[in-house]
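Participant: Sending over a structure as structure tokens; questions will come in a sec.
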């Protein structure tokens, strides 16, 4: 049983909601004014508050009541009610501290269902949310907005540089929402082939086009009851944007080649690493689709602006991958931390994660500065270009090739880059082999590559030995 406070100056509405809650086994108390709500909250300490936005004249209004209630009960869900509901009003209420938003007249069963979900979320405290590490002010502001806007069913646009963790924020929003028990379906719009994007998102029926030998459910349909995450939304082809807009507006769609209308019930969270307003000005993105996707925008700060978080995240990744890789690495040295915290991290958290992964593999006891990639150790610009991944003859040969190229004013960047990649791969594989006997499947999983690809690379570098077993 939960104690629920109903704040509405319409006594009949209060009585109706109280009866509904009583039938569900909850205890309800009514207040007809903002002042009465604050007094009741102090005495009752409710588990949830239903608050009318348009309280009668003569006292404090709904928004001010919300602010005062939030200071008294900071963790209690507060649901705003109004007969004049719209997205702008919802966002205004959320920014003032509301947890959710319902419009009058509401469906009784839908309201009760929402209340049960909010109570369940409060009890679970989002224990299944993904791990996001950070204590900096910039990070906490972004996280606070993500959690505040997780519950109301409005579309959210996450904006941030590549590698800032936009998908993790999207998953956090999903885990803290009323849809957390539904699927989370992620779509990277930058990887979708233009001629197949409609089939990927909407699905298709058998025979809809050449090669469609069977029916297929699209990503939109797979996300029913849950959250659809559209990553890199700015890469959607212009020709498809109008179709997506129509689906989001009407909340229904048809599969390619199909006639059945499918009603959609999913929440859309999208993300971009570009300035969509600039893309709109260039005529490459629809403004109406932009407004549909960004009912609320949350900016994810780059790692270089998260003061104090770089070391925290590095330690987290060291502990995570030391256990996952089974290396026995016990921590990270002060020298390595100094190098990490002095680097700009253009690739953000993803770059830091990859750097720690490789350092864990190369380390023996603790991660040292010398285990980190050269550019992070402070070797930047021309010095970085002329340094090698190791001190062997191949590294020296690459250095000579670069120097000769500078002198001749002729450098084949593509060939040079490919050679540098090969050297890095050979160095990493050699370091792994030194650790002793390992199955090829284990090594492939560790490196996130196909076992066949790994076998090919081992043969190319002359490293196919008994130290790597089949299986």
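Participant: When you go through 35, 29 one by one, which is the residue that is modelled with pLDDT of 90 or more and surrounded by fewer than 17 Cβ atoms within 10 Å (Cβ to Cβ)?
Facilitator: Testing whether each residue is modelled with pLDDT of 90 or more and surrounded by fewer than 17 Cβ atoms within 10 Å (Cβ to Cβ) leaves just 35.
Participant: Moving to a separate point now. Suppose we filter the range 164-201 for residues that are closer than 17 Å to residue 131 by Cβ and either in a loop (DSSP other than H, G, I, E, B) or without any contact (Cβ under 8 Å) to a residue 12 or more places away in the chain (or both); how many remain?
Facilitator: Result for the range 164-201: 4.
Participant: Quick check on my filter: what residues within the range 121-163 are part of a loop (DSSP other than H, G, I, E, B), farther than 23 Å from residue 266 by Cα and modelled with pLDDT of 85 or more?
Facilitator: 132, 133, 134, 135, 136, 160, 161, 162, 163 - these are the residues of the range 121-163 that are part of a loop (DSSP other than H, G, I, E, B), farther than 23 Å from residue 266 by Cα and modelled with pLDDT of 85 or more.
Participant: Moving to a separate point now. Check every one of the helices (runs of 4 or more DSSP H) wholly within the range 273-345 and list those with 2 or more residues that are more than 30 Å from residue 87 (Cβ to Cβ), free of Cβ contacts under 8 Å to residues at least 40 places away in the same chain and outside the structural domain of residue 245 (by TED's automatic domain parsing).
Facilitator: Per the criteria, 309-325, 334-341.
Participant: Restricting attention to strands (runs of 3 or more DSSP E) lying wholly within the range 29-103, give those where 1 or more residues are closer than 15 Å to residue 9 by Cβ and more than 32 Å from the chain's Cα centre (by Cα).
Facilitator: The qualifying strands (runs of 3 or more DSSP E) are 48-52.
Participant: Identify all residues within the range 248-258 that are in contact with a strand residue (DSSP E or B) (Cβ under 9 Å, 6 or more places away or on another chain) and either more than 25 Å from residue 211 (Cα to Cα) or not assigned by TED's automatic domain parsing to the domain that holds residue 202 (or both); write none if there are none.
Facilitator: Result: 248, 251, 252.
Participant: Please pick out the residue among 188, 231 that is under 23 Å from the mean Cα position of the chain (by Cα) and surrounded by fewer than 16 Cβ atoms within 10 Å (Cβ to Cβ).
Facilitator: After ruling out the rest, the residue left standing is 188.
Participant: Scan the range 278-330 for residues that are surrounded by 21 or more Cβ atoms within 10 Å (Cβ to Cβ) and more than 21 Å from the chain's Cα centre (by Cα) and report the count.
Facilitator: The number of residues fulfilling the criteria is 3.
Participant: Related question: Exactly one of these conditions fails for residue 199: (1) farther than 27 Å from residue 348 by Cα; (2) touching a helix residue (DSSP H, G or I) at 6+ places or on another chain (Cβ under 8 Å). Give me its number.
Facilitator: Here residue 199 meets the rest and fails (2).
Participant: Here are 369, 385: which of them is at pLDDT below 85 and more than 22 Å from residue 162 (Cα to Cα)?
Facilitator: Checking each option against the conditions leaves just 385.
Participant: Given the criterion more than 30 Å from residue 247 (Cα to Cα) and surrounded by fewer than 17 Cβ atoms within 10 Å (Cβ to Cβ), identify the matching residue among 358, 333.
Facilitator: Checking each option against the conditions leaves just 333.
Participant: For the range 57-79, what are the residues that are modelled with pLDDT under 85 and touching a helix residue (DSSP H, G or I) at 6+ places or on another chain (Cβ under 8 Å)?
Facilitator: 59, 72, 73, 75 - these are the residues of the range 57-79 that are modelled with pLDDT under 85 and touching a helix residue (DSSP H, G or I) at 6+ places or on another chain (Cβ under 8 Å).
The values are calculated or read from the model by the stated rules, or taken from the named source; none is laboratory data. Small disclaimer: the values here were computed from a predicted structure and weren't measured. When we count neighbours, we look across all protein chains shown, and the Cβ atoms used for this are built from the backbone with ideal geometry, even at glycine.
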